[in-house]
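The values are calculated or read from the model by the stated rules, or taken from the named source; none is laboratory data. Predicted model, so just to flag it, every value in this text is computed and none were measured. When we count neighbours, we look across all protein chains shown, and the Cβ atoms used for this are built from the backbone with ideal geometry, even at glycine.
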Amino acid sequence: MTEKILMKGNEAVAEAAIRAGCRHYFAYPITPQSELIEYMAKKMPKVGGTFLQAESEVAAINMVLGAAACGVRTMTSSSSPGISLKQEGISYIAASRLPAVIVNVQRGGPGLGNIAPMQCDYFQATRGGGHGDYYTPVLSPSTVQEFADMAPLAFEIAERYRTPVLILADGMLGQMMEPVVFPESYPPQRDPSDWALGCHKDRKENHIINTLFIDPNLLDSKTRILFEVYEEIKKNEVRFETYNLESRPKILVASTGTAARVVKSAIDALKEQGVEMGLFRPITLWPFPYDALHQAAAGVDKVITVELNMGQMEQDVRLALNGLCPTEFVGKAGGLVFTPEELADILRKKAS
Amino acid sequence: MTTRILCAGFGGQGALLIGKLMVNAGMLEGKHVTWLPSYGPEMRGGTANVMCVISDKPVGSPIFDRMDVLVALNQPSLDKFALQTKENGLILSNASLCGDPARVDGSVKVVAVPLTEIAEEVGNVKAANMVALGALIELTGCVNRQTVEEDLRKMLEKKNPALLEQNLTAMERGAKFARQA
């Protein structure tokens, strides 16, 4: 085993991306994500990579599109308002069927909001985000280790299905330090000859990367191909974690990312008071673990969704349950984060 | 066992570094740790604090309402956080810059260490945080001083051996004061 290093989430995901072979990173600074771009600025030149601080988020995401088209592992990162600016480019990358990784270290919104951690970009992240009929796989880390591990995973998923992949973290995970272990080796990049410009296996052929299809029939067939890929992703890439289900709790809490960490602590505290609750934590937010949540909720009295927003994932929870049992929602806006004591109190009241 | 520590002070006093050295030592000793700084549009001279958790079990929430230990390097930090210290908890304050904490639970142990004065005696006023670190380790025992010293050695031995010696002396002096307190 390699040694444990104490790192901020922002730094850990950057280091993991570099170790996973990312050599082209383009971004524009924004709090609470800036340590990521800072780390890349420091490290990329040392590994012979390209670090470029673009003139804007829009420029950065289009540089990612260009680099992806050339068949290299490429990434960008930002925080909520900056991710909004990137949406046009993400839509183009999805339509172009190119692999790329985008990290969103979410902050308070809407508008300029604030720099505190929030989970308010759930809808944007899980419903495509930009214009057009598309989705992007979304990974939701809840520890610094998981945040780091998601960098290579995101590249693998991106290349396997030729799609942009989003890692949806938040300001708390970006800023906090926790021990991280980096594996000895990372899976290599997939042969880009299937998509990259100038890399076609048949020397007489060329890949053409284009998202303009004037003929509606052609755009229809292109979109259908996208959705066939999405079906494959739904079959293969759903990820989730459960906690304390072995106690056969009557109440199941659904929560992800930073909020799920606080829920775990609250569940531990409630256990000591003789109240059992379980946690269902989606790790992929798209594809959402609908079937797994439905099964986990079998036999419970209700499902309580806990989020750091006014209720977004809650809608996916209700889609998953499809009327199986009642649901409730507990949330906070403004970048406020529950403390475990506070959340345990709220959950205990809802249990009685 | 889980120890929750909040370190707070003026920006530049090194409250965050106290926390970082504590949790790094905890990690090196095989414990589960988290370090969560307050971050925001602060300037030098503004306030800074960090929430640290050192535990035998995986750490759920890095955020907490109430802590076992408060390290207050200045008066505003003491005023702001003293009441959040748990029953039978500990407040380590900077006697050079703080008065007594108001209205704390009688069960809370308050140790006022003249951090700034001791640091001046050591020859580096900026080492006040290291004095606090020495006292903190002595009083809580949640990590070994040796682990922190080795960590500091790795960090500074080549870069600045004189500073390393000052820091080690500052920690030793903090520990000594705490033993006698």
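Within the range B:27-50, does at least one residue satisfy the condition of being away from chain A (no Cβ under 13 Å), outside any loop (DSSP other than H, G, I, E, B), within 18 Å of the chain's Cα centre (by Cα) and under 22 Å from A:D268 (Cα atoms)? Write out each step before concluding.
If we filter the range B:27-50 for residues that are away from chain A (no Cβ under 13 Å), which is where we start, we get B:43-47.
This time we only want the ones that are outside any loop (DSSP other than H, G, I, E, B), so: B:47.
From what is left, the residues that are within 18 Å of the chain's Cα centre (by Cα) are B:47.
Filter once more, keeping what is under 22 Å from A:D268 (Cα atoms): none.
Taking every residue of the range B:27-50 in turn, none turns out to be away from chain A (no Cβ under 13 Å), outside any loop (DSSP other than H, G, I, E, B), within 18 Å of the chain's Cα centre (by Cα) and under 22 Å from A:D268 (Cα atoms).
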remark   = Scanning the range B:145-181 residue by residue, those assigned to a helix (DSSP H, G or I), under 26 Å from B:V110 (Cβ atoms) and small (G, A, S) turn out to be B:A170, B:G174, B:A175, B:A178
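Kindly provide the set of residues from the range B:82-93 that are under 10 Å from B:A72 (Cα atoms) and free of Cβ contacts under 8 Å to residues at least 40 places away in the same chain, ordered by number.
Initially, the range B:82-93 is screened for residues under 10 Å from B:A72 (Cα atoms), giving B:82, B:91-93.
Answer for the range B:82-93, where residues must be under 10 Å from B:A72 (Cα atoms) and free of Cβ contacts under 8 Å to residues at least 40 places away in the same chain: B:A82, B:I91, B:S93.
Hey, does the range A:293-301 have a residue that's acidic (D, E), part of a strand (DSSP E or B) and not assigned by TED's automatic domain parsing to the domain that holds A:A125?
Initial filter on the range A:293-301 (acidic (D, E)): A:301.
Of the ones still in play, those that are also part of a strand (DSSP E or B) are none.
No: zero hits.
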ask   = How many of the residues making up the range B:101-147 are without any contact (Cβ under 8 Å) to a residue 40 or more places away in the chain and on the phi > 0 side of the Ramachandran plot?
value = 2
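If you take the residues of the range A:103-136 that are touching a Phe, Trp or Tyr at 6+ places or on another chain (Cβ under 6 Å) and not in a helix (DSSP H, G or I), which of them is farthest from A:T223 (Cα to Cα)? Lay out the reasoning, then the answer.
Restricting attention to the range A:103-136, the residues satisfying the condition of being touching a Phe, Trp or Tyr at 6+ places or on another chain (Cβ under 6 Å) are A:126, A:128, A:135.
Now drop any that are not not in a helix (DSSP H, G or I), which leaves A:128, A:135.
Working: A:G128: 13, A:Y135: 11 Å.
It comes out as A:G128.
Being aromatic (F, W, Y) and farther than 30 Å from A:G109 by Cα, is that true of even one residue in the range A:216-229?
Going residue by residue through the range A:216-229, those that are aromatic (F, W, Y) are A:227.
From what's left, farther than 30 Å from A:G109 by Cα: A:227.
Yes, the conditions are met somewhere in the range A:216-229.
From the residues in the range B:53-79 that are part of a loop (DSSP other than H, G, I, E, B) and in contact with a Gly (Cβ under 6 Å, 6 or more places away or on another chain), which one is nearest to B:V33 (Cα to Cα)?
B:L73
Looking only at the range A:267-293, count how many residues are buried (at least 16 other Cβ atoms within 10 Å of the Cβ) and either touching a Gly at 6+ places or on another chain (Cβ under 8 Å) or within 24 Å of A:G128 (Cα to Cα) (or both).
First pass over the range A:267-293, keeping only residues buried (at least 16 other Cβ atoms within 10 Å of the Cβ): A:267-270, A:275-290, A:292-293.
Narrowing the set further to residues that are either touching a Gly at 6+ places or on another chain (Cβ under 8 Å) or within 24 Å of A:G128 (Cα to Cα) (or both) leaves A:267-268, A:280-290, A:292-293.
Residues flagged as buried (at least 16 other Cβ atoms within 10 Å of the Cβ) and either touching a Gly at 6+ places or on another chain (Cβ under 8 Å) or within 24 Å of A:G128 (Cα to Cα) (or both) within the range A:267-293 amount to 15.
Name the residues in the range A:321-343 that are within 14 Å of chain B (Cβ to nearest Cβ) and in contact with a Phe, Trp or Tyr (Cβ under 9 Å, 6 or more places away or on another chain), would you?
At the first step, the residues of the range A:321-343 found to be within 14 Å of chain B (Cβ to nearest Cβ) are A:332, A:334-343.
Within the range A:321-343, A:K332, A:T339, A:P340, A:E341 meet the criteria.
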request  = Give A:E88, A:E146 a once-over and let me know the one that is under 12 Å from the mean Cα position of the chain (by Cα) and either modelled with pLDDT under 95 or surrounded by fewer than 24 Cβ atoms within 10 Å (Cβ to Cβ) (or both).
outcome  = A:E146
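Which of the residues belonging to the range A:326-352 are assigned to a loop (DSSP other than H, G, I, E, B) and surrounded by fewer than 16 Cβ atoms within 10 Å (Cβ to Cβ)?
Step one: filter the range A:326-352 for residues assigned to a loop (DSSP other than H, G, I, E, B), giving A:326, A:332-339, A:352.
Across the range A:326-352, the qualifying residues are A:P326, A:G334, A:L336, A:S352.
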query = Looking at (1) buried (at least 19 other Cβ atoms within 10 Å of the Cβ); (2) in contact (Cβ under 8 Å) with a residue 60 or more places away in the chain; (3) not small (G, A, S), can you tell me which one A:R19 breaks?
reply = (1)
request  = Kindly establish whether A:P152 is part of a loop (DSSP other than H, G, I, E, B) and in contact (Cβ under 8 Å) with a residue 24 or more places away in the chain.
outcome  = no
task = Specify which of the listed residues (A:D133, A:D149) is closer than 20 Å to A:A260 by Cα and of a type in the set (D, E).
result = A:D149
ask   = Is there a residue being within 14 Å of chain B (Cβ to nearest Cβ), at pLDDT 95 or above and surrounded by 16 or more Cβ atoms within 10 Å (Cβ to Cβ) anywhere in the range A:298-309?
value = yes
task = Please work out which residue is nearest to A:T258 (Cα to Cα), limiting yourself to the range A:80-111 and to residues that are touching a Ser or Thr at 6+ places or on another chain (Cβ under 7 Å) and small (G, A, S).
result = A:G109
message = I'd like to verify a number: residues in the range B:80-114 that are surrounded by fewer than 16 Cβ atoms within 10 Å (Cβ to Cβ) and in a strand (DSSP E or B), how many?
response = 3
query = So how many residues does the range B:39-73 have that are modelled with pLDDT of 90 or more and of a type in the set (G, A, S)?
reply = 5
request  = Considering only residues that are part of a helix (DSSP H, G or I) and surrounded by fewer than 24 Cβ atoms within 10 Å (Cβ to Cβ), look in the range A:160-174 and name the one that is farthest from the other protein chains (Cβ to nearest Cβ).
outcome  = A:Y161
